[in-house]
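Since the structure comes first, as structure tokens, the remarks are kept for the end.
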Amino acid sequence: MVLLDGKYTSAAIKEGIAAKVREMKEAGKPVPHLVAVLVGNDGASMTYVANKEAACAQVGFKSTVLRFPDTISEEQLLAEVDKLNKDASVDGFIVQLPLPKHISEKKVIAAISPDKDVDGFHIINVGKLTQSLPTFVSATPKGILSLLDQYNVETAGKHCVVIGRSNIVGRPISILLNQKGYDCTVTVCHSRSKNIEVFTRMADIIIAAVGIPEFVTGDMVKEGAIVVDVGITRVPDDTKPKGYRIVGDVKFDEVAPKCSYITPVPGGVGPMTIVSLLQNTLQAAEARM
Ligand code: GUN
């Protein structure tokens, strides 16, 4: 069993990004600038945004976090998005999800200029992705592909079972792994699927993106499978300094011994997501030069 090490892989990619930033500086160009919009006080969202800020600092990007209370109106938030669209000093920006219930995520995402949409969530960018056209590929699917590439994992002709159909992970990764170059046969399971274990037992590759801690157990996985765990649920744990621990969608101790490759949690997909956002921001900055 080989661990797909996202911490190591992302560190190597970051070094490459940092080298490019140094070249930009030496050429007298502005460094890439990423803005994150954070609404409210959701603990997980605050942690993700803090991690994104720290990663920007590591590679020499400029980063700005715009914080708003969860009482901000949809209209006010749309006005902030419009300002960022027009701000020439901003290469790319993200609006951290989820948003409070009174704000339509669809409307906010639709308001983001597609050429600054480094999350790749805008329907124009999603449309391009479905047609295999160059675009911003959203960070978690992009990170999963980079990790599989890094370890030369053969995907062609393999049966990949994706568990979860979210716009952020499940749906885009199912499309990408099916495209030319990856060439998987893809099955997408979701919360209404019956007998998910029947599908997962047939899978050469499992992408677990369901958001239920330890959903994938040892009996659901065939010998030699490749397992990618996208889950990052906070589970209360009084023995930890923060009072919680991060648990993936895969019961690692049971599943890992059966796998040819598996991602750990933490240290698998999580750091790859962040470095992919940096790559997208660099892409946005380079497109503007
Ligand atoms: N919430 C969970 N994942 C993401 C992400 O990749 N981008 C944004 N903007 N919000 C998220």
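The values are calculated or read from the model by the stated rules, or taken from the named source; none is laboratory data. Keep in mind that this is a model prediction, so the values were computed, not measured. Glycine also receives a Cβ, built like all others from the backbone with ideal geometry; neighbour counts cover every protein chain displayed. Heads up: the accessible areas ignore ligands, DNA and RNA and are worked out on the full protein's heavy atoms, side chains in. Shrake-Rupley method; radii C 1.70, N 1.55, O 1.52, S 1.80 Å.
Which of (1) within 24 Å of ALA256 (Cβ to Cβ); (2) touching a helix residue (DSSP H, G or I) at 6+ places or on another chain (Cβ under 7 Å) is the odd one out, the single condition PHE215 does not satisfy?
Here PHE215 meets the rest and fails (2).
Return the residue satisfying two criteria in turn: it lies in segment 130-140 and is touching a residue at least 40 places away in the same chain (Cβ under 8 Å) and in contact with a Leu (Cβ under 7 Å, 6 or more places away or on another chain), and of such residues it is farthest from the ligand (Cβ to nearest atom).
Checked segment 130-140; the qualifying residue farthest from the ligand (Cβ to nearest atom) is VAL137.
Could you look through segment 118-129, keep only residues that are open to solvent by 20 Å² or more (accessible area, probe 1.4 Å) and in contact with a Pro (Cβ under 8 Å, 6 or more places away or on another chain), and pick out the one that is nearest to the ligand (Cβ to nearest atom)?
VAL126
Considering only strands (runs of 3 or more DSSP E) fully contained in segment 156-257, which possess at least 2 residues that are free of Cβ contacts under 8 Å to residues at least 40 places away in the same chain? Give the derivation first.
Numbers: elements: 159-163, 185-189, 205-208, 225-229, 233-236, 244-247.
Answer list for segment 156-257: 185-189, 225-229, 233-236, 244-247.
Could you check how many residues of segment 1-56 are open to solvent by 10 Å² or more (accessible area, probe 1.4 Å), assigned to a loop (DSSP other than H, G, I, E, B) and more than 16 Å from the ligand (Cβ to nearest atom)?
7
It is to be established whether one or more residues within segment 94-110 are within 16 Å of the ligand (Cβ to nearest atom), farther than 30 Å from ASN41 by Cβ and surrounded by 15 or more Cβ atoms within 10 Å (Cβ to Cβ).
Quick first cut of segment 94-110, residues within 16 Å of the ligand (Cβ to nearest atom) only: 94-101, 103-110.
Those left that are additionally farther than 30 Å from ASN41 by Cβ: none.
Within segment 94-110, not a single residue is within 16 Å of the ligand (Cβ to nearest atom), farther than 30 Å from ASN41 by Cβ and surrounded by 15 or more Cβ atoms within 10 Å (Cβ to Cβ).
Looking at segment 63-79, can you tell me whether even one residue there is at pLDDT 95 or above, loosely packed, with under 15 Cβ neighbours inside 10 Å and β-branched (Val, Ile, Thr)?
Yes, because at least one residue in segment 63-79 is at pLDDT 95 or above, loosely packed, with under 15 Cβ neighbours inside 10 Å and β-branched (Val, Ile, Thr).
Let's see how each residue does on (1) under 15 Å from the mean Cα position of the chain (by Cα); (2) surrounded by fewer than 23 Cβ atoms within 10 Å (Cβ to Cβ); (3) on the phi < 0 side of the Ramachandran plot:
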| site | (1), (2), (3) |
| --- | --- |
| ALA209 | yes, no, yes |
| VAL227 | no, no, yes |
| PRO236 | no, yes, yes |
| LYS240 | no, yes, yes |
| ILE246 | no, yes, yes |
| GLU254 | no, yes, yes |
| SER260 | no, yes, yes |
| SER276 | yes, no, yes |
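For segment 178-207, name all the residues that are open to solvent by less than 50 Å² (accessible area, probe 1.4 Å) and polar (S, T, N, Q). Can you show your working first?
Taking segment 178-207 as the starting set, the residues that turn out to be open to solvent by less than 50 Å² (accessible area, probe 1.4 Å) are 179, 182, 184, 186-187, 189-190, 193, 196, 200, 203-207.
Within segment 178-207, GLN179, THR187, SER193, THR200 qualify.
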